[in-house]
Each structure stands twice: as structure tokens, then as C-alpha cells.
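S.K.: The structure that follows is given in the form of C-alpha cells.
Please treat every number below as a calculation from the coordinates, not as lab data. Since the structure is predicted, the reported quantities are computational estimates derived from the model, not experimental observations. Glycine also receives a Cβ, built like all others from the backbone with ideal geometry; neighbour counts cover every protein chain displayed.
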Amino acid sequence: MQLISRPSGQAGFTLVELAVVLTVFGIVVAQGIPAISDYVANAAIRRGASDLHYAANLARSEAVKRNIRTELRITSISWSVFNVSVTPAVQLQGAGLDPAARASAVTVGFASNGRTFPAGTQAAIDMTRYGATCSSTIRCLSVRVSSGGAPSICEPTKSAGSFGACP
């Protein structure tokens, strides 16, 4: 028994069928919006951490390549690499961070041997998302620079010894 009869030769959907499909689609999309929002927030933090990792590697390599002292200067929204062996300091390169990401303001110095300056200095540059707090779904990251000058990206909320945990 057919509930809705169609004249022969007509194809397509009825208004009721279309309404049911749109309702189901709306429910599926509504369930996915929080996950998409978290994905976008985490992607902004990852991009920011990746940019700062690149910047730290650049500052370190420029110090070694040019046999000079450099500084990586980070504000909440940008980074710059400076040659500090001359007065006044000369900016070598810089860029802005993803507009949705925020970093802690830090200055990291590198000696001509690629190690941090002053010797033994370590740095932690924390990345967050503008307007969001770190949680189990919003994973804030940190770029750590060891006293040897090597930068790494880690997750401060992970317990010590687990993959991706900060040293």
C-alpha cells in the first residue's frame, strides 16, 4: 500500500520527504558544530606554535650562520628576529601570528654557537586561543627552547613521560 500517490510519469520528492531530509540534516549539523569549533581553535594554536618553532629555529640558525648574537622577540601577536651584535639592533625577519592565537611575551637570546644566551637560559612560549581557555578539547601548546638552543613543541597539560609532554 502506497501512502502518497503520484500521477504516473512524475518523479521527484514530496514536500514531506524534503522536510524530513532537511530535519535530519539539521540535527546532524547541530551535533557537529561544537567539534568543528574545537577543531578550528586547535588548528589556530597549532599554526601559532609551528610559526614560533620556525622562528626559534631561524633565530638560532642566523646566529650560527652569521656568527653573531640574535634575539627572538615575541609579543602576543607577532615575532621578530634581531641581530643584537650591532647597535642599534637590526631586525632580520618577523611576522604576525594567526589572528586567533595568542603567545606569551618572551625574548630568547642565541649566541653564535647556537646555544641560548646568557648561557644556560631556557624559555617557554605558551600558545593559547584568543577568547578560549585551555581544556581537554582546546589543547594549548608550548614552544620550549632548551639551554642548548633546540626548540620543541609540547603540551603542558600532559603528564610527564607521556608522548608530547613538556620536559
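S.K.: Given the structure, is V108 assigned to a strand (DSSP E or B), over 12 Å from the mean Cα position of the chain (by Cα), of a type in the set (A, V, I, L, M, F, W, C) and crowded, with 16+ Cβ neighbours inside 10 Å?
M.R.: yes
S.K.: In addition: Determine which member of the set A30, A55 is surrounded by fewer than 15 Cβ atoms within 10 Å (Cβ to Cβ) and among the aliphatic types (A, V, I, L, M).
M.R.: Unique residue meeting the criteria: A30.
S.K.: Next up: Pull out all pairs, ordered by first then second residue, where Cβ-Cβ is under 8 Å, the residues are six or more apart or on different chains, the first lies in the stretch 148-167 and is surrounded by fewer than 14 Cβ atoms within 10 Å (Cβ to Cβ), and the second is part of a strand (DSSP E or B) and basic (K, R).
M.R.: Close Cβ pairs (under 8 Å, with a partner that is part of a strand (DSSP E or B) and basic (K, R)) amount to P167/R144.
S.K.: If the requirement is being part of a loop (DSSP other than H, G, I, E, B), more than 26 Å from A35 (Cα to Cα), out of contact with any Asp or Glu (no Cβ under 8 Å at 6 or more places or on another chain) and free of Cβ contacts under 8 Å to residues at least 40 places away in the same chain, which of these qualifies: G94, G120?
M.R.: Criteria check complete, one pass: G120.
S.K.: So, one more: On the given criteria, is I45 β-branched (V, I, T) and in contact (Cβ under 8 Å) with a residue 60 or more places away in the chain?
M.R.: The answer is yes for I45.
S.K.: Scan the stretch 82-89 and tell me whether some residue there is touching a strand residue (DSSP E or B) at 6+ places or on another chain (Cβ under 9 Å), within 17 Å of V145 (Cβ to Cβ) and of a type outside the set (D, E).
M.R.: Checked the stretch 82-89: at least one residue is touching a strand residue (DSSP E or B) at 6+ places or on another chain (Cβ under 9 Å), within 17 Å of V145 (Cβ to Cβ) and of a type outside the set (D, E).
S.K.: Same structure, new question: Taking the condition assigned to a strand (DSSP E or B) and surrounded by 18 or more Cβ atoms within 10 Å (Cβ to Cβ), does R60 pass?
M.R.: So R60 does not fit the description; no.
S.K.: Does A119 satisfy the condition of being within 16 Å of the chain's Cα centre (by Cα) and not hydroxyl-bearing (S, T, Y)?
M.R.: no
S.K.: Of everything in the stretch 71-103 that's touching a Leu at 6+ places or on another chain (Cβ under 7 Å) and farther than 20 Å from M127 by Cβ, which residue is surrounded by the most Cβ atoms within 10 Å (Cβ to Cβ)?
M.R.: Once the filter is applied, the top-ranked residue is F82.
S.K.: Name every residue in the stretch 138-155 that is more than 14 Å from the chain's Cα centre (by Cα) and either small (G, A, S) or part of a loop (DSSP other than H, G, I, E, B) (or both), in order of residue number.
M.R.: Selection gives S146, S147, G148, G149, A150.
S.K.: Still on this model: State which residue is surrounded by the most Cβ atoms within 10 Å (Cβ to Cβ) when the search covers only the stretch 111-140 and only residues that are under 18 Å from R73 (Cα atoms) and of a type in the set (A, V, I, L, M, F, W, C).
M.R.: Looking at residues that are under 18 Å from R73 (Cα atoms) and of a type in the set (A, V, I, L, M, F, W, C), I get M127.
S.K.: If you take the residues in the stretch 31-53 that are of a type in the set (S, T, N, Q) and more than 17 Å from G96 (Cβ to Cβ), which one is nearest to the chain's Cα centre (by Cα)?
M.R.: Taking the candidates together, the pick is N42.
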